[in-house]
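Undergrad: This is the structure, below, for whatever I ask next.
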Amino acid sequence: MRSERAWGLRPCLLEFLIESAQVLEVSPTVKYTALSLFADRFYPRFSTFKAGSDIANWLLQPLRESNLQLFALVSIWISSKIHNSTPLSIKSLKSLGDKVIKEQHFTNRDFLEAEVVLMQVLNFEIGAVDIAFVFLEELLLQLREVAKVGDLVNFEACMDVMDLLYEKEETSAEHCSPRSLAASTLVASYVITVPKQRWEFPILPWGKTQYNISFAFSFDYLS
């Protein structure tokens, strides 16, 4: 699969990951850590992957859409291991994979192998530090501490907006930091969910003070 085609598949694959996370009923933290692992770290690295590199594996060469869907599920699996005392079972992942991955049937061994390959591509850097969702929670908490209008911001809407922004190629790690993505999500959610007559708090200057964001960024990518 050429890198151009791979990048063209990115929105569909992120939608696949988001929907899979919903089916598996994982927490938002697990879901967005998985998005960070897959979209921000794994996807940019494999797109520049070349045959003959140190990591030679049938899951990467040639790279198929079904293989990328497998890596998306594995990202959720790894994230659940990071955040949950009882992580997702390989049985639940395989059961979902059998239903939603149409092109290929993957075995338990394939899931285990994909986990190792994904970590190799990431150089085993699987820490959950720079996660946009964590920054969003911190920002919303800060907003609610300084202005009552912060209580009117719908957190479910925040997550919907973040999902939409994640599916935009321009909001990949190459173009947008996790902090900027979180701040943009909050600004957009504020404008969408808070009644206009309650727009008393200067959210934009405050947002710029926090992470140097702009109003245009949020709505450019939502349009």
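The values are calculated or read from the model by the stated rules, or taken from the named source; none is laboratory data. Source: prediction; values computed, not measured. Cβ coordinates were reconstructed from backbone atoms using ideal geometry, including for glycine residues, and neighbour counts include every protein chain displayed. What goes into the accessible areas is simple: the full protein's heavy atoms, side chains included, and nothing from ligands, DNA or RNA. Shrake-Rupley method; radii C 1.70, N 1.55, O 1.52, S 1.80 Å.
Undergrad: Residues of region 72-117 being under 20 Å from the mean Cα position of the chain (by Cα) and polar (S, T, N, Q), which ones?
TA: Of everything in region 72-117, those that are under 20 Å from the mean Cα position of the chain (by Cα) and polar (S, T, N, Q) turn out to be Ser75, Ser79, Ser80, Asn84.
Undergrad: Read through the list (1) under 21 Å from Ser79 (Cβ atoms); (2) surrounded by 14 or more Cβ atoms within 10 Å (Cβ to Cβ); (3) of a type in the set (D, E, K, R), then give the number of the only condition that Arg144 fails.
TA: Every condition holds for Arg144 apart from (1).
Undergrad: Output the number of residues of region 56-97 satisfying the condition of being under 17 Å from Phe38 (Cα atoms) and either open to solvent by less than 10 Å² (accessible area, probe 1.4 Å) or among the β-branched types (Val, Ile, Thr) (or both).
TA: 17
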